Amino acid sequence: AAATRSPQVRLRGRVQPANAASTATAAAPTCRGQSVTSREAGEIPAVMVAAAGLARLHRGHLGQVLDPHLECTPAPAQGAIALEVRVGAELDGLAAALDDPTTRVCVESERAVLGAMGGGCRLPLGALAEAVGGDRFALTVAWASRERPFQMLRKSGTAPGPELLDLALGFATELRT
């Protein structure tokens with residue numbers, strides 16, 4: 001008979017059985033560079049990698065796309081491309097033509113949450129702003145507080161574009177308290 005395993009949660013270098021008390025932990029294997037092949041060989045129970053990594057390894061068929069709205073709120077400004085040119089430079093006009101006002105509103109509100117939370121790349125924070133029609137935007141913020149282990153705090157709401165920044169800063173204030 002095949003052995004069954006309980007679901008596990010990975011936090012800060014430890015593997016925590018999902019149904020175990022928070023004090024019971026087991027050492028997690030270190031997996032760098034060989035994660036997918038280690039998983040296929042049965043050396044590790046699970047691995048999470050980006051779709052691009054699977055494609056590079058010619059194993060795209062193994063992947064499962066997670067709905068970012070349900071599973072993992074992306075990092076603030078994830079996927080945004082920033083262009084910076086000197087004012088008056090020959091490329092100044094080209095950069096202005098490439099600026100997308102909708103994307104700018106989304107990225108500025110996501111980054112406002114990050115700044116208000118005092119964060120950088122190590123803060124367990126996700127923020128996703130999206131245009132939902134007309135001048136309305138939806139904002140979702142998810143934060144894993146160190147004071148509340150195993151609990152993801154979420155805030156979601158909608159606002160017109162000019163008010164999205166205030167909504168973002170309000171969410172940051174509410175999550176910190």
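FYI, it's all coordinate maths here, none of it is from the lab. Computed from a prediction, not measured in an experiment: that's the story for all the values here. Here Cβ is always computed from backbone atoms with ideal geometry, including for glycine, and neighbour counts include all displayed protein chains.
For a test of the definition: using alpha carbon positions, the gyration tensor, and the 1.5 limit on a/c, classify the stretch 92-135 as rounded, prolate or oblate. Oblate. Residue order for Thr177, Thr158, fewest other beta carbons within 10 angstrom first, comes to Thr177, Thr158.
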